[in-house]
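> The structure under discussion is supplied below as structure tokens; questions concerning it will follow.
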Amino acid sequence: METDRIESLPSGPAGRMAFLQGFPTRYLRTHTEAEVDEHMALEEKSRKRGVAVEIRALESAWQMTLVAADRPGLFASVAGTLAAFGMNILKAEAFANRRGLVLDTFTFADPLRTLGLNPSEVDRLSATAERVIAGKTDVRELLRSPSQPTLPSRKARIPAAVSFDSEASHSATLVEIVAEDRPGLLYDLASAISSNGGNIEVVLIDTQAHKAIDVFYVTAEGKKLPPEKQQVLEKRSAGHARRK
């Protein structure tokens, strides 16, 4: 990944370069100029409180975008917040720049139409996410009494699979987890990585019907995951992936 990151731009203001420097080059391939401008505006907003969260309605889903200083477990805590509100994460991506700033985007479904029927809940979700990110609210407390979204059909049986690839990147280990989707799955998997001393550098999440495909680029102390950490992570991730 170190050889596929943004280091310079042909032209543009210095602030834009400072924001983009260190992001994977994939970021520019998958985001429009308008989206980059929106993300920069969110980053400027985050300077006051150290975090900024924006939630908007899409055509058939919702999207949360956040900018904050990176810290261990941040991605997992946001995934847990969404699960506690009864949201079902469909896609997610996480990027970090050279200044230790993270840009995370979660696309999620609202099975109970909580946000659509109660506009004030959008603000409550945003405020709760900001408190969790800032460390003022423990996401584990939220998860003790979560909303109950629609669960996948019992007919959807997808075998859990965890695989590692230490050759996919020069500096990180690729961890791919395929499992039957369920509420809180992403939180459990991301927490397993963080609690095992792993740092999520880049994450790409996709959900196809009942099938969750979660890809993490993970490092431990700035290096690829050693075999012993891979073994522990495989056991924990597989356990979470098989849980109903």
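The values are calculated or read from the model by the stated rules, or taken from the named source; none is laboratory data. Note that this is a predicted model, so its numbers are computed, not measured. All Cβ positions, even for glycine, are placed from backbone atoms using ideal geometry, and neighbour counts span all protein chains on display. With ligands, DNA and RNA removed, areas are computed over all heavy atoms of the protein, side chains included. Shrake-Rupley method; radii C 1.70, N 1.55, O 1.52, S 1.80 Å.
> For q values of 0.09, 0.13, 0.17 Å⁻¹, compute log₁₀ I(q)/I(0) with the Debye formula on a Cα-only model of the chain, without solvent.
-0.37, -0.80, -1.38
> In the chain, if the dipole is taken from +1 on Lys/Arg beta carbons and -1 on Asp/Glu beta carbons about the Cα centre, which of LEU225, LEU82, SER11 is farthest to the positive end?
Sorting the options by dipole projection puts first LEU82.
> Something else now. What does the convex hull of the Cα atoms come to per residue for region 1-113, in Å³? Intermediate values should be presented prior to the final figure.
Numbers: hull volume 13.0 nm³, N = 113.
Hull volume over Cα atoms, normalised by residue count, gives 115 Å³.
> Here is a further query. Top to bottom by accessible area (1.4 Å), largest first, where do SER163, SER237, SER60 land?
Working: SER163 50, SER237 0, SER60 110 Å².
The residues order as SER60, SER163, SER237, largest area first.
> Can you tell me which of GLN63, GLN21, GLN208 moves the most in a GNM of the chain? Springs connect C-alpha atoms under 10 Å apart.
With Cα springs under 10 Å in the chain, the top fluctuation among GLN63, GLN21, GLN208 is at GLN208.
> Okay, helix-only estimate at 222 nm for the chain: each DSSP H run of n ≥ 4 adds -39500 (n - 2.57), divide by all residues, round to 500 deg cm²/dmol; what do you get? Don't skip to the answer; put the middle values down first.
Details: 9 runs with 89 residues, N = 244.
Calculated from helices alone, the mean residue ellipticity at 222 nm is -10500 deg cm²/dmol.
> From the P(r) of region 14-73, could you give the percentage of C-alpha pairs in the tail past 17 Å? Display every interim value, and only then the final one.
On the way: 832 of 1770 pairs.
Taking all Cα-Cα pairs of region 14-73, the fraction more than 17 Å apart is 47 percent.
> Mind scanning LYS211/LYS235; LYS48/LYS136; LYS48/LYS229 and naming the pairs with a C-alpha gap bigger than 27 Å?
As for pairs spanning more than 27 Å Cα to Cα, those are LYS48/LYS229.
> Could you sort 166-177, 79-90 so that the peptide with the highest average Cβ count within 10 Å comes first and the rest follow in order?
Packing order, densest peptide first, comes out as 79-90, 166-177.
> Which whole-Hz couplings ³J(HN,Hα) result when phi for each residue of region 159-171 is put into the Karplus expression 6.51 cos²θ - 1.76 cosθ + 1.60, θ = phi - 60°, listed in order with x for Gly and Pro?
In residue order, the calculated couplings are x, 6, 9, 10, 9, 10, 9, 8, 9, 6, 9, 6, 10 Hz.
> Now for a separate question. Take the chain, connect every pair of alpha-carbon atoms lying under 10 Å apart with a spring to form a Gaussian network, then pick out the residue of VAL202, VAL78, VAL232 with the largest mean-square fluctuation.
VAL232
> Still on this structure: Could you put TYR187, TYR27 in order of accessible surface area, largest first, with the 1.4 Å probe and the full protein assembly present?
On the way: TYR187 40, TYR27 0 Å².
From most exposed to least exposed: TYR187, TYR27.
> Using Cα-Cα distances under 8 Å and only pairs 6 or more residues apart, what relative contact order does region 153-234 have, in percent? Write out the running numbers ahead of the final one.
Numbers: 136 pairs, mean separation 26.7, N = 82.
Across region 153-234, relative contact order equals 33 percent.
> Suppose every K and R has +1 on its Cβ and every D and E has -1 on its Cβ; what is the size of the dipole of the chain about the Cα centre, in Debye to the nearest 20? Each step should come with its number before you reach the end.
Values: 32 positive and 32 negative charges, 167 e Å.
That gives a dipole near 800 debye.
> Then there's this: Counting only protein heavy atoms and using a 1.4 Å probe, what share of the accessible area of the chain belongs to carbon plus sulfur, as a whole percent?
On the way: 6190 of 12320 Å².
Of all accessible area on the chain, carbon and sulfur atoms account for 50 percent.
> Arranged from highest to lowest average of other beta-carbon atoms within 10 Å per residue, in what order do the peptides 35-45, 111-121 appear?
Values: 35-45: 15.7, 111-121: 13.0.
Result, highest mean first: 35-45, 111-121.
> Keeping all protein chains in position, work out how much accessible area ARG124 exposes to a 1.4 Å probe, and write it in Å² to the nearest 10.
Around 120 Å² of this residue is reachable by solvent.
> Sticking with this one: Per residue, how much accessible surface does the chain expose to a 1.4 Å probe? Answer in Å², no decimals.
On the way: 12320 Å² over 244 residues.
So the chain comes to 50 Å² accessible per residue, rounded to a whole number.
> Further, regarding this structure: Dipole magnitude of region 1-98 about its Cα centre, charges +1 at Lys/Arg Cβ and -1 at Asp/Glu Cβ only, in debye to the nearest 20?
Values: 12 positive and 13 negative charges, 63 e Å.
It comes to approximately 300 debye.
> Let me ask something else about it. Taking θ as phi - 60°, what are the ³J(HN,Hα) couplings along region 37-51 by the Karplus curve (6.51, -1.76, 1.60), each to the nearest whole Hz, with x for Gly and Pro?
Per-residue couplings from phi come out as 4, 5, 5, 5, 5, 5, 5, 5, 5, 6, 5, 6, 10, x, 7 Hz.
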